Amino acid sequence: MTSNDKSRRVEVKDGDQLVAAAEVAEHAEGIVRTSLLPTAGHTPPGSRASLVDAVMDQPEVKSGSRLEATVPLGDAESLERLRERTEDAVTRPAGSTALVDANLPSAGDSTAGQAPGGESSAS
């Protein structure tokens, strides 16, 4: 993201320890860009999926139509959750990251925010 972007920082903590963070910025024509930034080392299972859920619940993402995400290469948990929460996701490697381009479900889509098996992703 460029320095001209007005971005929002989203964080996931385990107790008082930061385990993952993301920057989210809205751009022209309904495009939302995010960079997922999990911390180095061990993170509790599910924390990276929780970060994706927190990003997807941001107002600019909910009102957007397209998501462009940067994810550390090899972060299968985040990539899988992005595929679950978006439509028509395309992933490609770029250096030490994976770029994800996807359509965002419309606000009226009843499957948005659903985990596999139809359970709600909200906690």
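Laboratory data are not the source of any read-out in this text; all were calculated from the coordinates shown. Everything numeric here is computed off the predicted structure, so don't read it as measured data. Cβ placement follows ideal geometry from the backbone for every residue including glycine, while neighbour counts extend to all protein chains displayed.
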Inset, instruction - Just report the Cα centroid separation between the range 11-48 and the range 59-99, whole Å. - result: 12 Å
Inset, instruction - Find how much the distance from I31 to R83 grows on full extension, using 0.36 nm per residue of separation minus their present alpha carbon separation; answer in nm with one decimal. - result: 17.0 nm
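Within 13 Å, Cβ to Cβ, of G74, how many net charges do the neighbouring residues add up to if Lys/Arg are +1 and Asp/Glu are -1?
Details: positive: R48; negative: D75, E77, E80.
Residues close to G74 contribute a combined charge of -2.
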